[in-house]
Every structure is written in structure tokens, then in C-alpha cells.
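Reading through the C-alpha cells given below for one structure.
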Amino acid sequence: MFHLAAGRVGSLAAKRATAALSTSSARMMASHGHGTGDTHPPFHQQQLLVSALDKLRQDDRKRFRQVSTAVDMSKPLYTDSVDVPLPDRPYKEVLTDADKSLKQKEKGPWNQLSKEEKLALYRLKFLKTYPEMRHSTPEWKTVLGVAFFFLGLTGFVVWWQKVYVFPKRPRTFEGDWPEKQLKRMLDMRINPVQGISSKWDYEKGQWK
Amino acid sequence: MFRAAVRLSVSGVRSLTRTQPGCQALLASRGYSHGKQETDEEFDARWVTYFNKPDIDAWELRKGMNTLVCYDLVPEPKILEAALRACRRLNDLASAIRILEAVKDKAGPHKDIYPYVIQELKPVLEELGISTPEELGIDKL
């Protein structure tokens, strides 16, 4: 299991010969002169950790290599945009033999090309035509529908909260309490200049 | 100014001098309050010269077209003729059709511009054998 790590560890040990090694067993290992290429290094916690990490990194790299090919962003990309009529590269770069012969024919007079051939040449170079680029999708219906669905769900949640979560309403809202409260405010002349008491006609005992 | 530009472009010198008329005109067409304003004829002539370069390469064609559609205008038929002939020199029919599509798109809501342009370009289209998007059926979905 440590074959791969052995050489690295050995060279590590050589490089770290002068570095401070924490345990006495490590110091013992260094003094025993384990140079490069020693096949069975002694069990040591630091070495174990380093080699385990190395193995993990190698596994990661192997795993990533099996993932599907990513786009090479260092090369020109093909894009369909109404603002960029001629993209950086043709859509199809890998041509079949039929395509290649068509490309050869393109070098001659274009009057000799049939409509289908002209269309094929267009589709080799471009993925979408302008109308296809401009064509709208019905995606907005999905978006609006999902948004309304979640709004409805929220409404359901609020109703449930009203039934099971919210405490009882304060008693100051029930019966004649609000009316008596208002009378008390008017008697105290609350906000007499521009507020509520200024709207009450004290002589006639009614709102102005 | 144009003759100098043509001479430089013919020699194929990829230097600032060739692009300089373009840079100057770009500034002028931005409408600064000072400095000489480029006239429409100068603008057209500059672009015709650009596309008329005999050994124009594919990158320059793409760059020219992509720059031209960024302007708030529909290119004159004579500029488009030069661009189509450049496509012919590069053996690129697809780009020629794409240019016609782009012109129609640039016209936007002004539906009468594109038919006029096609009418003006008819001789060139017939000479070079370029089919319009309508003839190929790609103007509809």
C-alpha cells in the first residue's frame, strides 16, 4: 500500500533530515539513514498521514479523469447571438467525408450548389438561424406557475399558523373595549391640534 | 486618406496605421462636441475599403461584421456588397447568408429596409450565386 508513497517518503525524509521531527521514533528513523528507495519504511504516524493524503489526491485525480469532458475554455467558443453574426469558430469543426467534399465544392462557383447543399453548408457553420435564436420559449409560463404555486403554499402555511400557532387576540379588540378606548382618548384630548381629537366636535358630540 | 489606407492594407501590414483611420472615425462617429464629425459617405467608404481588402482573412471578416452590427444603423448595400465579395474570396457561403440574416435583424421593426437592400444587392447575389435566407426557407422557423 505504501509502494507509491515509499519513494516520496524516502526523499521527504532525506529533505527533512534537518527539520525538527516531533517524536523520538522519527529521530531514530532519520539516524538509521533511510534514504531514497528503501522499500519498507517503519510505521510512523506522519508518514502514514502524508502517504494517505497522497493516495487520496491520486484517487481524486483518477475520479475526475472519468468525469465527462469539460469545455476547453482556452479555445474560441461557438455562440449563437444576434449581436455577433459570425462567431469565433464554426459550429461543426469535425467534418465527415461528405462534409469535406461539400466544402471543396464551396470553393467553386456557388451557382452550382443546390439549395440543400447551401443549407448544409449553413448548418455546418451555424447551429441556429436568426429566427431560431429570436424564438421565445414558453418557459415564462413554468416560471409564473411555480411562483404562484409557492405563493399558494405560503398562504396555506399562514392559515395553518392562524389555527395552530398564533395566540388568542388581546381582549382590547373585543366587545365595547375599542369604543370605550376611543372615548377615553377623546376625553384626554389626544392629539388635539391635527390628530384624532381635532376631528371630534366636542360641542355637538360627533365627528366633524 | 483612403488611398493611403488601401495601399497599406494591400501590403498586408498589420499595424496601427491601417486601423488608425478606423479609430479616428470611430471617435468622430461618437459625436464629440469638438473635432471633425465623420460624414455618412466617409463612414461608408471606410467600411467598403475594409471589406475590399484583397487578401482579407476570416478573422478580419468576422471582426468587421461583428463590429458593423454593433452600430446603430443598417449598413448600406455597397458595404454589404463588399462584405459578400469578401465572403466569396474566403469561399464562405454560410457567412454570406448569415450577413443577409443579420441585416434583416438590424432593420428591426422597419420592415421596408430589408427588401430594399435585397433589391439593391440582387445583381451581386446573382453574380456570386448567394441565396437569400427566404430562398432557402430559413427566414421562418
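The values are calculated or read from the model by the stated rules, or taken from the named source; none is laboratory data. Keep in mind that this is a model prediction, so the values were computed, not measured. In this analysis, Cβ positions are derived from the backbone assuming ideal geometry, glycine residues included, and neighbour counts consider all displayed protein chains.
Details
- Taken over the range B:118-137, the criterion of being in contact (Cβ under 8 Å) with a residue 40 or more places away in the chain and closer than 24 Å to A:R123 by Cα is satisfied by B:L121, B:V124, B:L125, B:L128, B:I130.
- Candidates in the range A:112-140 are the residues that are polar (S, T, N, Q) and more than 7 Å from chain B (Cβ to nearest Cβ); of these, the one that is nearest to the chain's Cα centre (by Cα) is A:T137.
- The range A:91-111, subset within 11 Å of chain B (Cβ to nearest Cβ) and either over 16 Å from B:E127 (Cα atoms) or modelled with pLDDT under 95 (or both), residue surrounded by the fewest Cβ atoms within 10 Å (Cβ to Cβ): A:Q104
- Failed criterion for B:L125 (all others in (1) more than 14 Å from the chain's Cα centre (by Cα); (2) among the aliphatic types (A, V, I, L, M); (3) more than 26 Å from A:P131 (Cβ to Cβ) hold): (3)
- Looking at B:R18, B:R7, B:R14, just one residue is modelled with pLDDT under 95 and not in a helix (DSSP H, G or I), and that residue is B:R14.
- Sole residue being of a type outside the set (S, T, N, Q) and more than 20 Å from A:L127 (Cβ to Cβ), chosen from B:L61, B:L84, B:L93: B:L84
- B:I138 being among the β-branched types (V, I, T), surrounded by 15 or more Cβ atoms within 10 Å (Cβ to Cβ), more than 13 Å from every other protein chain (Cβ to nearest Cβ) and within 27 Å of A:Y78 (Cβ to Cβ): no
- Count of residues meeting criterion [farther than 17 Å from B:K53 by Cα, more than 11 Å from chain A (Cβ to nearest Cβ) and either hydroxyl-bearing (S, T, Y) or part of a helix (DSSP H, G or I) (or both)] in the range B:78-120: 9
- The lone exception for B:Y50 - which of (1) away from chain A (no Cβ under 11 Å); (2) crowded, with 21+ Cβ neighbours inside 10 Å; (3) closer than 21 Å to A:K125 by Cβ it fails: (3)
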